[in-house]
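**Student:** I'd like to ask you about the structure that follows.
The values are calculated or read from the model by the stated rules, or taken from the named source; none is laboratory data. All values derive from a computational prediction rather than experimental measurement. Cβ placement follows ideal geometry from the backbone for every residue including glycine, while neighbour counts extend to all protein chains displayed. Just so you know, the surface numbers come from the protein's heavy atoms only, side chains and all, with ligands and any DNA or RNA stripped out. Shrake-Rupley method; radii C 1.70, N 1.55, O 1.52, S 1.80 Å.
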Amino acid sequence: MKKVSGTLAVIVRSGELNRWVDEAVKSILQSDDIALKVVLVLNGPNTSLEAAQIKSEEEQYSWLTDSRVLVLRFNHYLGMSGSIIEGIKHVDTEYIANLDGDDIALPQRFVQQVEYLHSHPDCVLVGGRAHMIDEEGHQIGDLKSVVSDDIRKSLFLFNPIPHSSVMFRKSAYDKIGGHTPGLDQCEDYDLTLRIGTLGKVAVLSDFLVLYRVHTSNLSKGASPRGLHIDCVTRGRRQLAKVLGVPAVLALPPHLLWRGVQFARASGFIRPVHEYFTYFKRS
């Protein structure tokens, strides 16, 4: 199995090659002052495994042949956690970062996060703030986030870290056993809760990514039932125990979070970014 090594690998996942993936990968490769590798996981029915089609795509997207890019192709859907698990199988770096295939990394993102983890050995995962952009790349607002050197107590209510801003230590990732297989919702929340039992989880005050709001993610919200709910519930209990938070104090925010999932599923409320988009455009 081919593995990328070094300081940092960035995992990008997408169901197909398109202009947003093109922008995402280019934004990584154009990052400031850092040597990194990109692992692009293409998984979906539109992913071609034919040599002629791959050659045509390489002519259209020149970075596909860049020595810093490893492309993994699957002509079927691996799932949210399954695709990142597959990507990380090919990684042997000190740090791993995530960037969703429809988002954009700002130039200073990776060097700032690597420097932070270097200077904060007690931190296992670090994120940052995100500007929101529309389908055409126009800025439409900012995602609200908790900013602190340790946001773990905020995790009892919700996950305040934009997924595309996450960077973590591979040693900590391996120690907790990586992502939970089979999760198509809350895979990032589940991981953050579990890795947070090993050390601090930080969110920097800097804006590090552009988060794209579009029709296929506007209605996002976790189903109120399923494996992801069980995993988040278990993760919260484990984190509360590590942090010394009494169960009686950890329970109310958990019940509130569960209530929000039922309210979303029933259509009573929308995910937060929908409200930002609505007010910005109205």
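**Student:** Does segment 153-162 hold any residues that are open to solvent by less than 30 Å² (accessible area, probe 1.4 Å) and in contact with a helix residue (DSSP H, G or I) (Cβ under 7 Å, 6 or more places away or on another chain), and which are they?
**Tutor:** Answer for segment 153-162, where residues must be open to solvent by less than 30 Å² (accessible area, probe 1.4 Å) and in contact with a helix residue (DSSP H, G or I) (Cβ under 7 Å, 6 or more places away or on another chain): Leu155, Phe156, Pro160, Ile161.
**Student:** Quick one: how many residues across segment 2-53 are open to solvent by 60 Å² or more (accessible area, probe 1.4 Å), out of contact with any Leu (no Cβ under 9 Å at 6 or more places or on another chain), free of Cβ contacts under 8 Å to residues at least 60 places away in the same chain and closer than 30 Å to Glu115 by Cβ?
**Tutor:** Residues in segment 2-53 being open to solvent by 60 Å² or more (accessible area, probe 1.4 Å), out of contact with any Leu (no Cβ under 9 Å at 6 or more places or on another chain), free of Cβ contacts under 8 Å to residues at least 60 places away in the same chain and closer than 30 Å to Glu115 by Cβ: 1 in total.
**Student:** Kindly establish whether Ser56 is polar (S, T, N, Q), more than 15 Å from the chain's Cα centre (by Cα) and surrounded by fewer than 14 Cβ atoms within 10 Å (Cβ to Cβ).
**Tutor:** Considered against the rule, which asks whether it is polar (S, T, N, Q), more than 15 Å from the chain's Cα centre (by Cα) and surrounded by fewer than 14 Cβ atoms within 10 Å (Cβ to Cβ), Ser56 comes out as yes.
Yes/no matrix, rows are residues, columns are (1) touching a strand residue (DSSP E or B) at 6+ places or on another chain (Cβ under 7 Å); (2) in a helix (DSSP H, G or I); (3) over 27 Å from Glu135 (Cβ atoms):
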| residue | (1), (2), (3) |
| --- | --- |
| Arg13 | yes, no, no |
| Ser27 | yes, yes, no |
| Leu42 | yes, no, no |
| Thr47 | yes, no, no |
| Glu86 | yes, yes, yes |
| Ile96 | yes, no, yes |
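**Student:** Anything in segment 98-129 that is surrounded by fewer than 19 Cβ atoms within 10 Å (Cβ to Cβ) and either assigned to a loop (DSSP other than H, G, I, E, B) or β-branched (Val, Ile, Thr) (or both)? List them, or say none.
**Tutor:** Pro107, Gln108, Val111, His120, Pro121, Asp122
**Student:** Go through segment 166-175 and give me each residue that's surrounded by 20 or more Cβ atoms within 10 Å (Cβ to Cβ) and out of contact with any Asp or Glu (no Cβ under 9 Å at 6 or more places or on another chain).
**Tutor:** Those that are surrounded by 20 or more Cβ atoms within 10 Å (Cβ to Cβ) and out of contact with any Asp or Glu (no Cβ under 9 Å at 6 or more places or on another chain): Met167, Phe168, Tyr173.
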